[in-house]
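Comments concern the structure below.
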Amino acid sequence: MNRAILFSVFGLMLALNIAVPAAPLTATVQAPSPAETGYFKLGTTKDPAGHEVSVNSRCLLFDGQAVFPVMGEMHYSRVPQAEWRTELLKMKAGGVDIVATYVFWIHHEEVEGQWDWSGQRDLKAFLKTCDEVGLKVVVRCGPWCHGEVRNGGFPDWVVAHKDWKLRSTDTNFLAVVKPLYAEIAKQLAGELWKDGGPVIGVQVDNEFSGSPNYLMALKKMAIEAGIDVPLYIKTGWPAMRTPVPLGELLPLFGAYPDGFWERSIKPMDGASWENFTFKRTRTDVGVGNDTLGNRKEGDTAGTEKYPHLTCEVGGGMPASYHRRINYDPRDMEAVVLTQLGGGSSLLGYYMYHGGQNPEGKLSTLQESQATGYPNDLPAKSYDFNAPDFPYFQP
């Protein structure tokens, strides 16, 4: 019987409401192999009460049990100190378990040697507030963060050293990063998980694809400064040609429905559409392509040895001068579902809470083309169209 006749017969049977026999379908479900462990280079994993934060190749573990936490980004130096407690409680009520926050170097040492950890720049006070409301914390230490901050967070006096190779093992550069990490360590003292505090992890640098020696130098520097935490982290994008040694830094990933950083002014241009599909790879090749360039590569070799954790699932998007995006809440919902379907076991929203840039001593503190970066961002507002932002203060 040829195909046309076969379709005609089936069509007639359906029209006459005659049952069409179907072949039985079978599916074989196999038990998954055990999660891998034993190769993760963690810091002290237990707090004074004996509670443990650890990890295996599938997920984070709390007291040895698999957990599925939610993380939300809030930048303490972009939110008035008087608002911290109220806003953190809102985040907790929204289901957030962990707060992620950047330490923007330029917010604290805009003038070389003059450190400012006061007011809304008081990291220690922020960590104490997180602890009081029952939220764990991941501190993203830089030295380069991006975060739409002037110079990616580098103070102007660092950028002025044209003979230094920034974000490398250049000894001159690392010599000025060392005091930054020492200052961060002072702020974290007493607030680390091992001391009964809320800080369970720290991230070194951000969106880095160069030599792993640089990231390992930062981890070593952090440990030597006394930053002893269960989890040491890097961003999983962009893909690295040479991966960091296995288990040294957990890669955390991101996925955005669209990005202000795209050079085109057409909606949904570039690779953003991929984040609305279920896929086995974790790396969003479009995120940050203003500074990273257009990329087609997938994950760094060995990514499958780590759990699929995220730190930047787009919870909104700021407007740049050339590209002003209007997210629909359904965009975020769809990307969250594809991340879950792709195996993510930590949903980290960037941003969960917006803010505004603090006042600078020497300049405004936003990313701008005037400083050699690709985008012009608002001088003050960083509301990010995020789920939780109280108001803009003029």
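Values as computed for the structure displayed
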| read-out | value |
| --- | --- |
| Condition check for Thr283: modelled with pLDDT of 90 or more, of a type in the set (S, T, N, Q) and open to solvent by 40 Å² or more (accessible area, probe 1.4 Å) | no |
| Filter result (assigned to a loop (DSSP other than H, G, I, E, B), under 14 Å from the mean Cα position of the chain (by Cα) and among the acidic types (Asp, Glu)) within region 283-327 | Asp284 |
| Ala185 being open to solvent by less than 40 Å² (accessible area, probe 1.4 Å), outside any loop (DSSP other than H, G, I, E, B) and modelled with pLDDT of 95 or more | yes |
| In region 228-250, the residues that are among the hydrophobic types (A, V, I, L, M, F, W, C) and within 22 Å of Gly38 (Cα to Cα) | Val229, Leu231, Ile233, Val244, Leu246, Leu249, Leu250 |
| Residue in region 164-171 that is open to solvent by 40 Å² or more (accessible area, probe 1.4 Å), more than 16 Å from the chain's Cα centre (by Cα) and in contact (Cβ under 8 Å) with a residue 60 or more places away in the chain present | no |
| Filtered residue count, region 298-336, keeping only those that are without any contact (Cβ under 8 Å) to a residue 40 or more places away in the chain and crowded, with 17+ Cβ neighbours inside 10 Å | 1 |
| Residue list for region 195-218, filter: over 23 Å from Val313 (Cα atoms), open to solvent by 10 Å² or more (accessible area, probe 1.4 Å) and either part of a loop (DSSP other than H, G, I, E, B) or among the charged types (D, E, K, R) (or both) | Asp195, Gly196, Gly210, Ser211 |
| Region 258-277 residues that are closer than 15 Å to Tyr327 by Cα and open to solvent by 10 Å² or more (accessible area, probe 1.4 Å), paired with ones that are among the hydroxyl-bearing types (Ser, Thr, Tyr) and at pLDDT below 80 (beta carbon under 7 Å, 6 or more apart) | none |
| Any strands (runs of 3 or more DSSP E) falling wholly within region 43-154 and containing at least 2 residues that are surrounded by 20 or more Cβ atoms within 10 Å (Cβ to Cβ) | 53-55, 70-73, 98-102, 136-140 |
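The values are calculated or read from the model by the stated rules, or taken from the named source; none is laboratory data. Keep in mind the model is a prediction, meaning the values are calculated, not measured. Heads up, the Cβs are rebuilt from the backbone with ideal geometry, glycines too, and the neighbour counts pull from every protein chain shown. Only protein heavy atoms, including side chains, enter the accessible area calculation; ligands, DNA and RNA are left aside. Shrake-Rupley method; radii C 1.70, N 1.55, O 1.52, S 1.80 Å.
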